[in-house]
1. For region A:113-139 and region D:85-127, what is the separation of their C-alpha centers, rounded to whole Å?
2. How long are the semi-axes of the equivalent ellipsoid of region B:113-165, defined as square roots of 5 times the Cα gyration tensor eigenvalues? Whole Å, largest first.
3. Using helices alone, what [θ] at 222 nm do you get for chain A, with -39,500 (n - 2.57) per DSSP H run of 4 or more residues, divided over all residues and rounded to the nearest 500?
4. Taking 8 Å as the Cα distance limit and 6 or more residues as the minimum spacing, I'd like the relative contact order of chain A as a percentage.
5. Wrap a convex hull around the Cα atoms of the protein assembly as shown, take a quarter of its surface area, and give that in square nanometres.
6. Counting partner chain Cβ atoms within 10 Å of every residue's Cβ in D:35-46, what's the average?
7. For chain B, build the charge dipole from Cβ charges (+1 Lys, Arg; -1 Asp, Glu) around the Cα centre, then report which of B:GLN66, B:GLY99, B:GLY143 sits farthest towards its positive end.
8. Find how many whole Å separate the alpha carbon centroid of region D:4-48 from the alpha carbon centroid of region C:16-54.
Number of protein chains: 4
Amino acid sequence: MPIRILVTGGTFDKQYDEIHAKLVFKDSQVGEMLRLGRCRVDVQIRTVMMIDSLDMSDADRQAIVQNCRQCEEKKIVITHGTDTMVETAAALAGSEGIGEKTIVLTGAMIPYAFGSSDGMFNLGSALSFVQTLPPGVYVAMNGRYFNWNQVRKNRQTGVFEPVVS
Amino acid sequence: MPIRILVTGGTFDKQYDEIHAKLVFKDSQVGEMLRLGRCRVDVQIRTVMMIDSLDMSDADRQAIVQNCRQCEEKKIVITHGTDTMVETAAALAGSEGIGEKTIVLTGAMIPYAFGSSDGMFNLGSALSFVQTLPPGVYVAMNGRYFNWNQVRKNRQTGVFEPVVS
Amino acid sequence: MPIRILVTGGTFDKQYDEIHAKLVFKDSQVGEMLRLGRCRVDVQIRTVMMIDSLDMSDADRQAIVQNCRQCEEKKIVITHGTDTMVETAAALAGSEGIGEKTIVLTGAMIPYAFGSSDGMFNLGSALSFVQTLPPGVYVAMNGRYFNWNQVRKNRQTGVFEPVVS
Amino acid sequence: MPIRILVTGGTFDKQYDEIHAKLVFKDSQVGEMLRLGRCRVDVQIRTVMMIDSLDMSDADRQAIVQNCRQCEEKKIVITHGTDTMVETAAALAGSEGIGEKTIVLTGAMIPYAFGSSDGMFNLGSALSFVQTLPPGVYVAMNGRYFNWNQVRKNRQTGVFEPVVS
C-alpha cells in the first residue's frame, strides 16, 4: 500500500515571488523533491492547504485530522511549518480513528527553493521513519524522530529538542 | 551511543577538479551535508577510503568489514559507490562479529557537489533507517531499504530493485 | 586603477533568517559572488548601506553620491534594490563632481542566496559594461544597459524597459 | 539586430550522466541560463557542435569561422571550452570576412550544472562586452576581456592572463 503524503505548507514549501519581493506559497514542490531524490517509494501526495503554521486554525487542524482518518493508507507523512508542528501532532494523537496509523510530521528551517535547504534531508528522513516506526504520531526533524508528546521546538536555536514528560 | 558513519567514496562524494576538468575525490563532504541538514544525531564520521566502488578490491572490503566489527557503535551508516554496494553488503553479512549491528549502506546517483544531487535525500533516509531497523545489513536507496540479499542495482535505469531470492 | 564596487543592499543581497523565517540583510555576498565567478578584475568593495531600496531616503542617496564623488576610482558599480534604482541613477546624474566617471547600477530580481538567482549574471554584466562604457550613469539589468534617463522598471513584469525621452 | 550566440560545448555545457557516472554533452543549457538571468537581449542561439575544446579539429574551427562569416549579425558570442579558446580566437582573427564583426569567446571552469559554476557570471560578462566593444575578436573570462592575441590560459591556475605581445 502506498504512503500518503499530506502537504500543508510551511517554510518547507515557500517560494520567492520576484514581483512582490517576498516569500509566498505557489504549488507544492514535494513532487519535484521526490523526483530529485530518485524516490521509488509508492506515494500519494495531497495538498490539504498551503499556509504558515502560525496561521493554522483549529479548523485547519481538524482538516488535517480528517485527512489522516479517512485515507486508506496506514502510513502518512505530513509536511508542516515548524512553529506549530507539535500542536498539530498533539491534535492528531488526541483524535479517534487514527490509532493504527503511523504518522510522521516533518518540515524545514530553510525553504527548499534555497540551495542551502534542509528540506531534502528531512523529507528523506521522514519517509524512512514512516516505513519503520510502529503506529503512533511522530515529529521527524534534524535527523531524529520524537514521539508527539516528547518534543518541542527551541525558538532560539531552531532545533527540535526532547522534552522529559 | 552515537551512530558511526563510514565514508568510502563513490559518486556521492565526487567533486569537480576545475584545473584537470574531471570528477575527483577530495575531502569527504558528509560533514558539510549533515550541517546543511541541521542534523542533531550524534555521529562519529570516519573516512575509510575515497574510491570508486568499481575499483574496490577484496582487501578494501575487508577494511570496511574490520571497521564495522571493531567500532563500539551498534548502528553504522556506510556511504558507498552504487555499482558494488550490494557486493560490500554481502561481504558484511557473511562476516563474523557484526551480527548484532544495524548496518545501512547508501550512496548517490549524482554527486553532492551538483545542485541536483539525490545525496541529501539518501543521507537523511539512511540515517533514519539505521535508527529504527533491527540488526542486519541493509541497502538504503531511492527512499527504500532492502535486506542485503534482496536487492540489485538496475544498471540501465540506475534504480535499486527488489530481488526475489 | 581598480573598479569601485559600492554595496547598498537590495534583493540582490537578501539572505534567509531561519530563526525568524524572513529575508534579511547580513554581510554582503558580493565578495563571495566574485570568487565564485573566478573574477580577476581588480576591485575595491565598500558596503555603504544594506537596505531595501524602497526604504532609501534622500540622505541615503546623498551618501551614495558622496561615495561616488570622493572615491579615486573612475569606474564604479553600485549594487542596488531594483525598485528605486532609477531614482538613485537620476540623483547621481544630477550631481556635480562625477561627470568624468562611469557609474553602472545593477541588482537582482531573486536573492543570490537562492539557487535560481539572476545575481551572478547581472554582476558579470555590470562589471563588464563599466569597463567599456564612456563616462555617464547607467542601469544594467536583464543583460542590457540603459542611460539613466532612458529606463524604467516595469512593476508588473519585473523587467527594465527603455523609455522614450 | 539580435546578437548571435554560437554554442560549441566545453566545460560550460557539460552535464552529469548518472547512468554512466561521467560528464557528457546533452542539449545546450545556454537558453536556460539566459532565462535564469532574466536576459532580455535579443539573441539567436545556434549549436554548432558540442565537444571538448581539446578535441576540436581544424575542420571544427573552420565550421565556427564559417558560422561567424555567414550570419547576418554583427555581434557574436561563442561559448567554448577554455583549453583551446585562444586558438579558435586566432583562427577567427586570421579569417577573411569577419573584420566588421565583434566576436567574444567565453566559457567556464566549472560546468553550469554545478551549483558553484562561474558560467552565469561569464555569460553575463560576454553578452555585455559584445554590445560595447568595437569590431574585433576577444576572449572574455574572469570578468575581463582580452584581444585575441594578448591572452593565454594559465594551465596551472585556470586563469586567463594578459600576454605581452
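1. 44
2. 20, 17, 6
3. -8000 deg cm²/dmol
4. 23
5. Its Cα hull, projected and averaged over all orientations, spans 32.4 nm².
6. Mean number of neighbouring Cβ atoms from other chains: 5.
7. After comparing all options, I get B:GLY143.
8. So the separation of the two Cα centres works out to 27 Å.
The values are calculated or read from the model by the stated rules, or taken from the named source; none is laboratory data. What you see is a predicted model; the values in this text were computed from it and never measured. When we count neighbours, we look across all protein chains shown, and the Cβ atoms used for this are built from the backbone with ideal geometry, even at glycine. These accessible areas exclude ligands, DNA and RNA; they are computed on the full protein's heavy atoms, side chains included. Shrake-Rupley method; radii C 1.70, N 1.55, O 1.52, S 1.80 Å.
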